[in-house]
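To start, the structure itself, in structure tokens.
Derivation of every value follows stated rules applied to the coordinates shown; laboratory data play no part. Here the structure is a predicted model, which means the values were calculated and not measured. A quick note on method: Cβ atoms are made from the backbone with ideal geometry, for glycine too, and the neighbour counts reach across all protein chains shown.
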Amino acid sequence: MVRAEGTTAERPVSAWVPLRTAVYRNLWLALFAANVGTWMQTVGAQWLLIDAPNASTLVALVQTASLLPVLLLALPAGTLADSFDRRHLLISVQLFLLVVAAALTLLTAAGRMPPALLLTLTFAFGVGQALTLPAWAALVPELVPRDQLRSAAALGSISFNAARAIGPALAGVLIARTGIAPVFALNAVAFGVFALALYRWRPENARAVEVPERFTAALRAGGRYVRHSPIVRRLLRRALVFLVPGSALWALLPLVADRRLGLDSTGYGLLLAALGVGAVLGGVLLPRVQTWLSPNQILLAAGLLFGGTLLVVGTIRAIPLVLLVLLPAGLAWVTVLVNVSAELQLFLPGWVRARGLAVYQVVFAGGQALGAFIWGVVADMAGLVTAFVAAGVLMLVGSVTSQIWRLPDLRGVAGDPATYWPRLQLAHEPDPRVGPVLVTVAYTVRPEHEREFLKAMDVVRGSRQRTGAMRWGLFREGESRERLVEVYLVPSWDEHLRQHGGRLTGADQEAEERARELADGEPEVRHLLPAAAGQAMTDDRQEP
């Protein structure tokens, strides 16, 4: 079979294959329980506010309060997950969430849960989610083989969206029969289950970082990698274009159920269940869909499908039709976001994986938090119909742009670690904290090769900046027509040692080898360090 855009389709890996790995299966089931509890808590919080003054804004703010911490804390959380034991981090966070859920349960049962306190505790749940997501996402590639990563990403989506189908439906039944406090209590139990599963897991080869990066240095390194990676930036933009209009459905669906369809909490749970069932189907079918359509065609089809759903949900009052269109909407949602997440997991090198995925979580949460607030305000000011029509049109326009600003083809990118730089031979061993370090690489390039060499070095520039360089430049030596000198500045000697010891990939090696093929002989490398402690360049401007 040949897929669109002239690429040969590979035999799809079933979405269920990673579950054959016992460790992954146990943790996946425990995470599923936690996801069910989280969705029950979300429905309970939204329904607790449904009769409050300014309900449209308050209900939408439940989404904002839960997602805003991910926006604010995801990158620091990713830095922690790249630097320390991820299992211990995850256990601590689940215990924190258990305490918050218990407090929410007791206060709600006592009738002492005003909207401000409810949103504050929802924000605390968001803090826990912010610390959990990058650590778990970075852990998955260590639990399953690389060729099963796309299937594992689909399984993660199946877990999340099956919980989205089961959790709201279960919450709706419990709210109707027993009230909201038992819903919050079950959420506490779910966090306890996940913490227990993590505690019982004893990895044979526990991940350890011999010399962890300093927090601020690691944080900057993660931001620098994303800033200088065009592929990562393109993937993040595509996710954002889909998320902002798509958030209208999740934020305003409770109001559609209550005001336009006349449904109670059970009916609202059924609407979310329809979305969840569609999303589960999307996770199961995604590996096969990827053999039929290119990534850009998937983005177009999913965007058109979701945009049409927004228009129908916002303008039609027929309950069966709304339920029917929510099924493909869930499928479209999962298809786009799992595709982007899996591509990032495959592309990001191990040393920065959690930080790169954390930036994706920032985009994911920020797009939804911002969108939820915008559409809530629009609904309050102009009505639900206007908000849904505006979001639907924006989604349709955004889906068409996927054919203009297209996703890159990542299958030929060599992302495996590559340690190919020669062993450092210095007259003395510098302190790892010394810096900045100025590295110069002198090349001899014939005039007839210069144009191609400059193009090749532009690719090398990206490699240097992704792996540690704050500044980079290519200069012509005044005393020679054929001498070109690459100069780049690294924050510290430790940062440069990490470039030597694990930050480079096969793609970086290919870029350097292409440039060296166009030069004569081996380049001359020099490392320039501050002459005395505390002494550096006279220009002390900070890295932007």
*Test item: Cα-centred dipole of the chain, Lys/Arg +1 and Asp/Glu -1 on Cβ, debye*: 1200
*Whole-Hz Karplus ³J(HN,Hα) for region 168-176, in order, using 6.51 cos²θ - 1.76 cosθ + 1.60 and θ = phi - 60°, x for Gly and Pro?*
x, 5, 5, 5, x, 5, 5, 4, 5
*Karplus (6.51, -1.76, 1.60) ³J(HN,Hα), θ = phi - 60°, over region 341-355, in Hz, Gly and Pro reported as x*: 4, 5, 4, 5, 4, 6, 7, 5, x, x, 5, 10, 4, 5, 5
*Return the FRET efficiency for the residue pair Val400, Arg471: r is the Cβ-Cβ distance, R0 is 25 Å, and the value is rounded to the nearest 0.05.*
0.05
*Hey, if you put +1 on the Cβ of every Lys and Arg and -1 on every Asp and Glu Cβ in the chain, which of Val490, Ala197, Leu281 ends up farthest toward the positive end of that dipole?*
Leu281
*Just from its helices, what would the mean residue ellipticity at 222 nm be for the chain, if runs of 4 or more DSSP H residues each count -39500 (n - 2.57) and the sum is divided by every residue, rounded to the nearest 500 deg cm²/dmol?*
-23000 deg cm²/dmol
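Whole number please: convex hull volume per residue of the Cα set in region 295-387, in Å³? Could the numbers behind the result be given before it?
On the way: hull volume 8.6 nm³, N = 93.
Hull volume over Cα atoms, normalised by residue count, gives 93 Å³.
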*Quick one: helix 86-109 against the long Cα principal axis of the chain, what's the angle to the nearest 10°, folded into 0 to 90?*
20
*Using amide H atoms built 1.01 Å from N in the peptide plane, name the residues 5+ places from Thr505, or on other chains, whose amide H lies under 5 Å from its own.*
Ala418
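Using a 10 Å cut-off around each Cβ, can you sort His496, His228, His88 from fewest to most neighbouring Cβ atoms?
On the way: His496 25, His228 18, His88 13.
Exposure proxy ranking, most exposed first: His88, His228, His496.
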*Quick one: if you stick a label point 7 Å off each Cα along the C-beta vector at Leu454 and Glu479, how many nm between them?*
2.4
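Roughly how many debye, to the nearest 20, is the charge dipole of region 39-191 about its Cα centre, given +1 on each Lys and Arg Cβ, -1 on each Asp and Glu Cβ, and no other charges?
Numbers: 7 positive and 5 negative charges, 38 e Å.
Value, rounded to 20: 180 debye.
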*Quote the convex hull volume per residue of region 437-528, based on C-alpha atoms, as a whole number of Å³.*
87
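Please report, in cubic angstrom per residue, the volume enclosed by the convex hull of the alpha-carbon atoms of the chain. Mind showing how you got there, number by number?
On the way: hull volume 93.1 nm³, N = 544.
Expressed per residue, the convex hull around the Cα atoms of the chain is 171 Å³.
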_Potential extension, Leu324-Arg177 segment - 0.36 nm per residue separation minus Cα distance_ = 50.2 nm
*Table column - 3J(HN,Hα) (Hz), region 472-486, Karplus curve with 6.51, -1.76, 1.60, x for Gly and Pro*: 8, x, 10, 10, 9, 6, x, 8, 8, 6, 10, 9, 10, 10, 8
*What is the spin-label model distance, in nm, from Arg227 to Leu196 if the labels are put 7 Å beyond Cα along the C-beta direction?*
4.6
*Projected onto the charge dipole of the chain (+1 at Lys/Arg Cβ, -1 at Asp/Glu Cβ, origin at the Cα centre), which of Ala109, Leu133, Ser341 gives the Cα projection farthest towards the positive end?*
Ala109
